[in-house]
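Only one structure is covered here, and it is reproduced in the block below.
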Amino acid sequence: MQHLPNGAARSGGRVARGTWILFMFFALAIAACTRNETGRLAADRTGDVSAPPIAHIAPGDRTAACANLPVVDAAAGGDAIARAPYLQRVTAEGAVVVWTSPIADHAPASVLVESPDSARQMTFPAAVDATATEVTQVSTEWPTLGRPARQMTAAVTGLEADTTYCYTVLRDGAPVTAPMPLRSAPATGTAGRVQFVALGDSGGGGSDQDALLRQLQTVPFDFMIHMGDIAYDHGTLAEFEGRFFRVYAPLLASRPMFPASGNHEYDTPNAAPFREVFVLPENGGPDGVERWYSYDWGDVHFVALDTERSGPEQAAWLEADLTANKLPWTIVYGHKPPHSSGEHGDDPGFNQWFVPILSAHHVQLVLSGHDHDYERFHPIDGVTYIVTGGGGKGVRELNVPQKDSAFADAVIHLLVVTIEGDTLTTHAIDGTGREFDTTVIHRQ
């Protein structure tokens, strides 16, 4: 071994340290390239925009059906409501209204459901949700949530299919919320127009989420579905309160949400807050209660998958569910995508357990998130796959497009899907409100 003079040794140490610092700089720069980029509200280019664009509405149009009912001073209820009421498990015959109230408030609560002209009125008692623990909404980011609350639910029954009602939360028989619309689902198998909104990876709590919310408010839809990663970063209860319910409260009050869980929901053990705040169909069998489920809306069958629990149990349930389905349209959605040119790429579990079943049952459309971008594929074995993961948590650059990729862009966006008769049309709308891609599927 050659011995160097002390000065040379020190100089070599400085070179080594300098090399290490330079290495760390480039490593951090490379890592930064994979982080979410905010502010990408406008699509860089357009795909197929040959389908007629959707008609938009003014924000107030969504609640206009209940505008003629007596005006209610919701503030008169004081602190009776913590988390604003929202609709869950809407069917052709009923719905569940959910909200939270302060734990210290033990006054009886109920929900008044009436026709817009008040000619028909029904009242349904509310109860503490036995599946939800008494929770304390404590957060330094959202100080207004820092009070103990418990979750309340009121099961609404006896509705007529495809009919608009108005509902009001009562405390001791007095209204504590303004009347909000509740439209029941069309009867299963009923032919008619169905239009819903799909988005994923939304709950960042920043300017991208707010920009897309402004576009959501102008889109007419019957209900919403979510691809997962609803409340970043860990799906905690405080993050659900601040980055989901606080943001979407006006929409959730009048339109139901049917979400799938994402990997960030499972950052909290067992995705417990997700399963607590949502009241979802419980037809997934003993292993899939409020994890995977299905429901019908008119002549469309929907299936929500849990891609964090991909495996033989869920696959067997999916096979049985699709075998029993007799409706002409089937749409399946979950968080991780089977096909994607994005950062995460194809999900092996989805491909192993679900794709063969979806192809065998001729599912027309599969929606996913996880990769923060938009990508539409040419039909693969008759199935159209779309990644819609640009719901508000920034975007990430795409890799080289896969051979079956029809169009892709890293942009904040939402997806509107319309089914009418034998035609399904998708409309991808960016954060500025411009439609940048559409596709039309004709039922064979």
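Considering the conditions (1) open to solvent by less than 10 Å² (accessible area, probe 1.4 Å); (2) more than 18 Å from Thr418 (Cβ to Cβ); (3) modelled with pLDDT of 95 or more, Gly189 is excluded by exactly one of them, (1).
Listed residues Ala51, Ala80; which is surrounded by 12 or more Cβ atoms within 10 Å (Cβ to Cβ), touching a Lys or Arg at 6+ places or on another chain (Cβ under 7 Å), at pLDDT 80 or above and more than 26 Å from Ser207 (Cβ to Cβ)? One residue alone meets the criteria, Ala80. Just for the stretch 193-243: of the residues that are β-branched (Val, Ile, Thr) and in contact (Cβ under 8 Å) with a residue 40 or more places away in the chain, which one is surrounded by the most Cβ atoms within 10 Å (Cβ to Cβ)? The residue in question is Ile230. What pairs come out if I take residues in the stretch 83-96 that are in contact (Cβ under 8 Å) with a residue 40 or more places away in the chain and crowded, with 20+ Cβ neighbours inside 10 Å and pair them with residues that are in a loop (DSSP other than H, G, I, E, B) and of a type in the set (Lys, Arg) whose C-beta lies under 8 Å away, six or more apart or interchain? That search, which allows pairs on different chains as well, returns Leu87/Arg255; Ala95/Arg89; Val96/Arg89.
State whether the residues of the stretch 177-186 include one that is more than 29 Å from Ala130 (Cα to Cα) and in contact (Cβ under 8 Å) with a residue 24 or more places away in the chain. The answer is yes; a qualifying residue exists.
Among strands (runs of 3 or more DSSP E) entirely within the stretch 367-419, having at least 2 residues that are at pLDDT 95 or above and open to solvent by 10 Å² or more (accessible area, probe 1.4 Å) singles out 405-409.
The number of residues in the stretch 376-403 being touching a Gly at 6+ places or on another chain (Cβ under 8 Å) and either under 16 Å from Ile441 (Cα atoms) or among the basic types (Lys, Arg) (or both) comes to 3.
The values are calculated or read from the model by the stated rules, or taken from the named source; none is laboratory data. Fair warning: this is a prediction, and the values are worked out from it, not measured in the lab. All Cβ positions, glycine included, derive from the backbone under ideal geometry; neighbour counts span all protein chains shown. For accessibility, only protein heavy atoms count, side chains too; no ligands or nucleic acids. Shrake-Rupley method; radii C 1.70, N 1.55, O 1.52, S 1.80 Å.
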